[in-house]
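Take a look at the structure set out below.
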Amino acid sequence: MTENERIEAHRPGRIEVVCGSMFSGKTEELIRRMRRAQFARQRVEIFKPAIDVRYSEEDVVSHDQKHIPSTPIDSSASILLLANDIDVVGIDDAQFFDEGIVGVCNELANRGVRVIVAGLDMDFRGKPFGPMPALCAIADDVQKVHAICVRCGSLAYVSHRKVVSEKRVLLGETQEYEPLCRECYKEAMGEK
């Protein structure tokens, strides 16, 4: 067995989570890590929820228009079917996936795959969002990134929804959402 084959056979899997509010750079960080893996000649595959067609139906695209090719999927189970012979799996907008994403990420990591997950940790109400809390709990590394509050310049805490809708999932950008710190969010919600 060559040295490279020995390393490949014993490569440790891991789960890395990048979370935070909207406009905090989660997708940008996911793209950066995936590009570094590509540069290192690792086999990569990136998945995103098929419902997210804000900037592209195919690519993962950050708010500042950085992009990378991806595979849109409807169910987390599809990742296991499509991630054979892959070294690094990227998953964007994980909050939109079903709870099965937690088991999928764990299984991939146990197979020796590096899994990089990006997603909103809280919804517009400031409540934990979908499978993100469970993903943070099983992750080997969690990085919380912050946007800047558009009202006072402090670190943002939550994605405040500016339009009237009680739907938990409402795709949008700066017209629909703004990053706010805890104090400005409380003020916006009439809690001060």
Selection count where residues are at pLDDT 90 or above and open to solvent by less than 20 Å² (accessible area, probe 1.4 Å), scope segment 161-183:
3
Can you find, within segment 1-36, the residue that is modelled with the highest pLDDT among those that are in contact with a Lys or Arg (Cβ under 6 Å, 6 or more places away or on another chain) and open to solvent by 30 Å² or more (accessible area, probe 1.4 Å)?
Arg14
If a residue has to be buried (at least 21 other Cβ atoms within 10 Å of the Cβ) and part of a helix (DSSP H, G or I) to count, how many in segment 67-95 make the cut?
3
Of the residues in segment 96-124 that are among the aromatic types (Phe, Trp, Tyr) and in a loop (DSSP other than H, G, I, E, B), the one that is surrounded by the most Cβ atoms within 10 Å (Cβ to Cβ) is Phe97
Of (1) over 17 Å from Thr27 (Cβ atoms); (2) at pLDDT below 95; (3) in contact with a helix residue (DSSP H, G or I) (Cβ under 6 Å, 6 or more places away or on another chain), Gly130 satisfies all except one. Which?
(1)
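Going by the structure shown, is Val44 farther than 21 Å from Ala134 by Cβ, open to solvent by 10 Å² or more (accessible area, probe 1.4 Å), of a type in the set (A, V, I, L, M, F, W, C) and at pLDDT 90 or above?
Yes: the conditions hold for Val44.
The values are calculated or read from the model by the stated rules, or taken from the named source; none is laboratory data. The structure presented is a predicted model; accordingly, all values stated were derived computationally and were not measured. Note that we place each Cβ from the backbone using ideal geometry, even for glycine, and neighbour counts take in every protein chain shown. What goes into the accessible areas is simple: the full protein's heavy atoms, side chains included, and nothing from ligands, DNA or RNA. Shrake-Rupley method; radii C 1.70, N 1.55, O 1.52, S 1.80 Å.
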